[in-house]
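The values are calculated or read from the model by the stated rules, or taken from the named source; none is laboratory data. From a predicted model like this one, the values you see are computed outputs, not experimental measurements. Please note: Cβ atoms are built from the backbone with ideal geometry, for glycine as well, and neighbour counts cover all protein chains shown.
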Amino acid sequence: MYMSSDIQQSDGPELNRRRFLKLIPLAALACIAPPSALAARLEGFSEKRSLSFYNIHTQESLQAIYWINGKYQPDALARINYVLRDHRAGQTKPIDIKLLDLLHVIDKRLAARQPFHVISGYRSPETNVLLRKQSGGVARQSYHMLGKAVDISIPGCRLSQLRDVALNLKRGGVGYYPRNDFIHVDVGPVRYW
């Protein structure tokens, strides 16, 4: 069973050549772009990206640094896949890194201090059929089956605020389910419901 953990890598204070070269386009952008464009560019520029999850069905927690200095971390990705697995079928599937990056940006925009509470991550085709029989709101070709969708909430964050941040990013689908206290985000076509 995977529990709370953190992948750590020490960074020295020195500015190496690669890090310096990454700053040149940002410096040029700062000279010619409006501050909002620079802020948007800087949001994606960090040496580490981390995510925290709490699976409400399995009570498992995970905090993982999944990207360091431009490289996705296979061990962290495997642990994320496990926490976001289909808990009914016990199956995992690789979660799309674009979805992880979307969650990272949402987390940063909200300055959330709580983990994402996961209602549904990956779903096997069998689980999707079962859920379709129980609810009319489950898509036949759900992005959950592709590892490209997750249903989430964040304790202490208004659901409408979480939805609005996801909508404003325009990086995929956003579903709003206030009666069930979660939103759906996916990295499919931009749409909302």
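The number of residues in segment 165-179 being touching a Lys or Arg at 6+ places or on another chain (Cβ under 7 Å) and either farther than 18 Å from G137 by Cα or at pLDDT below 95 (or both) comes to 1. Just so you know, in segment 75-134 the residues that are in contact (Cβ under 8 Å) with a residue 40 or more places away in the chain and acidic (D, E) include one that is nearest to D181 (Cα to Cα), and it is D107. Only one entry of D75, D107, D86, D101 meets the criterion of being modelled with pLDDT of 95 or more, surrounded by fewer than 18 Cβ atoms within 10 Å (Cβ to Cβ) and acidic (D, E), and that entry is D75. Reported count of residues in segment 99-120, each being part of a loop (DSSP other than H, G, I, E, B) and under 13 Å from the mean Cα position of the chain (by Cα), is 2. Within segment 94-101, is even one residue of a type outside the set (V, I, T), touching a strand residue (DSSP E or B) at 6+ places or on another chain (Cβ under 9 Å) and farther than 19 Å from D186 by Cβ? Within segment 94-101, not a single residue is of a type outside the set (V, I, T), touching a strand residue (DSSP E or B) at 6+ places or on another chain (Cβ under 9 Å) and farther than 19 Å from D186 by Cβ. Only a single criterion out of (1) at pLDDT below 95; (2) in a loop (DSSP other than H, G, I, E, B) is not satisfied by R123, namely (1). Residue count for segment 134-193 satisfying the condition of being more than 18 Å from the chain's Cα centre (by Cα), within 20 Å of Y122 (Cβ to Cβ) and either basic (K, R) or part of a loop (DSSP other than H, G, I, E, B) (or both): 7. For segment 177-193, the set of residues classified as surrounded by fewer than 18 Cβ atoms within 10 Å (Cβ to Cβ) and within 18 Å of P155 (Cβ to Cβ) consists of Y177, P178, R179, N180, D181, listed by residue number.
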